[in-house]
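J.: This structure is in structure tokens; I'll ask about it shortly.
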Amino acid sequence: MKPDSNTPDSLPRVIIVGGGFGGLAAARELKEVRAQVGLIDKTNHHVFQPLLYQVATGILSPEHIAAPLRHVLGKQTNTIVLKETVIGVDAEKKLCVVEGVMTGAPVSLPYDYLVLATGVQNNYFGNDEYAPFAPGLKTIADADGLRNRILGAFENCERTLDPKAHPELLTFVIVGAGPTGVELAGAIAELARLTLASEFRRFSPTSLRILLVGSDPRVLPPFHESLGAAAKAKLEKMGVEVWTGTRVDKVDAEGVIIKGERIPSRNVFWTAGVKPSPAAKWLGVEADKGGRVKVLADCSVPGHPEVFVVGDTAAFEKNGKPLPGVAPVAIQQGRYVGRLIAGRLRGKPAPRPFKYFDKGNMATISQGFAVMESFGMRKAGLFAKLAWAFVHIQFLVLPSNRFSTAFQWLRVILTHQRLARLIIEPDRPNPGETQP
């Protein structure tokens, strides 16, 4: 007796690893297919990473930029979300291996199609010992941690009898002058001078020091040189010291060493680079020098037409250059692969090779200033800021996210108040207190 072709056990199995831009886009394209779709992620939510710095600086709360994956995919009855950690792939046996939190041992999940959208992690370029002293910004937890550090710096200043004797308290060093570093530096400067200066009694804006350090000769390397210069000029006007063409020699508990000079700081943040997940090692396939999986024109893995890699983990070239690790690339690749798999399951011909439609680059520096280059147009100032805000609102996955974020931005512009300035830390026992 043959199994019913409509029973769950007989349907094709599609596993998507990663609930970021690429993975979520692929899952949404599979909502109408007759298949078992499983989305696996270490967290239970999708997060709009480009706005994490605003959570870290109190402009937004996590719920403004994050959405529960089960809510986003709740109407897709063919899709299940698993909060698990993938630790490997057996491409020959078509098995995806997860930690197995409930079983206490690894569990192998069979698949017919596999989509790896596993994203990236902070890259300390062989200096992983820097990580405890220079946290990065990739997750909601990272943003909460940075917010605690940033706000905690001003709290420590307030309870210090002579803040001027402790410059390390209000010295912020941001390593990496790309979009994230530039945006974080500008947001900290505005937070201190527009919001906190009137609330703290022992903090003087003149005691604040913000250093933006980049190894490239200019800030915002992906942008046109004129826009990088405009961004640098704006940051310097806001009081940010911009050190380009400079590498950090060391990061430790006392601060940083740059060109042999010790700069005391308790607030070092890392935005200098990223590295992909170990997907290439899982699959046993060729990777580029950055560790990203070299994929074919349809985003599949050579020798495994049922396995696809999208987003930051994929090395996909256009005109001889790899596509950048930005949200639009991941979204477009995720949609393409989702449609390709849906087409195969329906017996349709293979689509044309993936082609990325580049809409340009944007970065914001302050409430009324951003830089953008799109369709041959380069702008710096208020117009670019309005365009930046419009585009970023559109990328938020839920209508409620879009409305609440837009409202919060408007309130910050009108009042300069950032109400998401909560330091949330576990309680510490009082000296001598007996713990149960």
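The values are calculated or read from the model by the stated rules, or taken from the named source; none is laboratory data. Only a predicted model underlies this, so the values are computations on that prediction, with no experimental measurement involved. Note that we place each Cβ from the backbone using ideal geometry, even for glycine, and neighbour counts take in every protein chain shown. Ligands, DNA and RNA are stripped out before the accessible areas are found, and what is left, the full protein with its side chains, is counted by its heavy atoms. Shrake-Rupley method; radii C 1.70, N 1.55, O 1.52, S 1.80 Å.
J.: Counting other C-beta atoms within 10 Å, and keeping those with at most 16, which DSSP coil trypsin sites (Lys or Arg not before Pro) do you find in region 106-161?
T.: On the way: sites: Lys138, Arg147, Arg149, Arg159; in loops: Lys138, Arg159.
Answer in residue order: Arg159.
J.: To the nearest 20 debye, what charge dipole does region 92-221 have about its Cα centre, counting +1 at the Cβ of each Lys and Arg and -1 at the Cβ of each Asp and Glu? Don't jump to the answer; show the numbers that get you there.
T.: Numbers: 12 positive and 15 negative charges, 69 e Å.
The calculation lands at about 340 debye.
J.: Still on this model: Can you tell me the orientation of helix 179-190 relative to the chain, as the angle in degrees between its alpha-carbon axis and the longest Cα principal axis, to the nearest 10?
T.: Value to nearest ten degrees: 40.
J.: Still on this structure, please answer the following. Kindly report the accessible area of region 84-139 per residue (heavy atoms of protein chains, probe 1.4 Å, no ligands, DNA or RNA), in Å². Before the final figure, lay out the partial values.
T.: On the way: 2770 Å² over 56 residues.
On a per-residue basis, 49 Å².
J.: To continue, here is another question. If I model a spin label as a point 7 Å beyond the Cα along the Cα-Cβ vector, how far apart are those points for Lys289 and Lys250 in nm?
T.: 2.9 nm
J.: Need one number: convex hull volume per residue for region 24-74, Cα atoms only, in Å³. Let's see the in-between values first.
T.: Details: hull volume 4.1 nm³, N = 51.
Cα convex hull per residue, to the nearest whole number: 80 Å³.
J.: Could you compute the longest span of the chain free of chymotrypsin sites (Phe, Trp or Tyr not before Pro) located in DSSP loops and having at most 16 other Cβ atoms within 10 Å, not counting the site residues?
T.: Working: sites that count: Phe125, Phe200, Tyr356, Phe357, Phe375.
Counting at most 16 other Cβ atoms within 10 Å as exposed, the longest clean stretch of the chain is 201-355.
J.: Would you kindly state how much longer the chain becomes between Phe395 and Glu155 on full extension, computed as 0.36 nm times their sequence separation minus their alpha carbon distance, in nm to one decimal? Numbers along the way, then the final one.
T.: Numbers: separation 240, 0.36 × 240 = 86.40 nm, distance 3.46 nm.
Here the answer is 82.9 nm.
J.: OK, next. At a 1.4 Å probe radius, carbon and sulfur cover how many percent of the accessible area of the chain? Can you show the working numbers first?
T.: Details: 11850 of 21640 Å².
Answer for the chain is 55 percent, counting heavy atoms of protein chains only.
J.: Compute the label zone of Asn319 within region 368-390: residues whose backbone N is under 11 Å from the point 7 Å along Cα-to-Cβ.
T.: 376
J.: Convex hull over the Cα atoms of the chain, averaged projected area in nm²?
T.: Values: hull surface 101.5 nm².
That works out to 25.4 nm², a quarter of the Cα hull's surface.
J.: Whose amide H sits under 5 Å from the amide H of Val256, counting only residues 5 or more places off or on another chain, with H placed in the peptide plane?
T.: Long-range HN contacts for Val256: Ile263, Ser265.
J.: How about region 169-245: which GluC sites (Glu not before Pro) there lie in a loop by DSSP and see at most 12 other Cβ atoms within 10 Å? Intermediate results must be reported in sequence, preceding the final value.
T.: Details: sites: Glu183, Glu190, Glu199, Glu225, Glu236, Glu241; in loops: Glu199.
Qualifying residues, ordered by number: Glu199.
J.: What FRET efficiency do you get for Arg346 and Asn44 if R0 is 41 Å and r is their Cβ-Cβ distance, rounded to the nearest 0.05? Each step should come with its number before you reach the end.
T.: Values: r = 31 Å, r/R0 = 0.75.
With a Förster radius of 41 Å, E is 0.85.
J.: Please report, to one decimal in angstroms, the Kirkwood hydrodynamic radius of region 286-353 built from all distinct Cα-Cα pairs. Don't jump to the answer; show the numbers that get you there.
T.: Details: mean 1/r = 0.0810 Å⁻¹.
It is 12.3 Å.
J.: Relative to the first principal axis of the alpha-carbon coordinates of the chain, what is the inclination of helix 140-158, with its axis defined by its Cα atoms, in degrees from 0 to 90 and to the nearest 10?
T.: Its long axis makes an angle of about 10 degrees.
J.: I would also like to ask the following. Which whole number in µm²/s is D for region 321-436 by Stokes-Einstein, with the Kirkwood Rh taken over Cα pairs at 10 °C and 1.306 mPa s? If you can, show how the numbers build up before the last one.
T.: Working: Rh = 18.6 Å.
Diffusion coefficient, whole number: 85 µm²/s.
J.: D for region 1-123, whole µm²/s, Stokes-Einstein with Kirkwood Rh over alpha-carbon pairs at 4 °C and 1.567 mPa s: what number?
T.: Values: Rh = 15.7 Å.
Result for D is 82 µm²/s.
J.: Over 22 Å between C-alpha atoms is what I'm after, so list which of Lys289/Lys321; Lys138/Lys355; Lys294/Lys318; Lys75/Lys138; Lys289/Lys318 land there.
T.: Long pairs (Cα-Cα over 22 Å): Lys138/Lys355; Lys75/Lys138.
J.: Let me ask another. So for region 323-372, Kirkwood radius off the Cα pairs, Stokes-Einstein at 20 °C and 1.002 mPa s: how many µm² s⁻¹?
T.: Working: Rh = 13.2 Å.
Diffusion coefficient, whole number: 162 µm²/s.
J.: Select from region 350-407 those trypsin sites (Lys or Arg not before Pro) which occupy a DSSP coil region and have at most 15 other Cβ atoms within 10 Å, ordered by residue number.
T.: Numbers: sites: Lys355, Lys359, Arg378, Lys379, Lys385, Arg402; in loops: Lys355, Lys359.
Here the sparse-neighbourhood loop sites are Lys355, Lys359.
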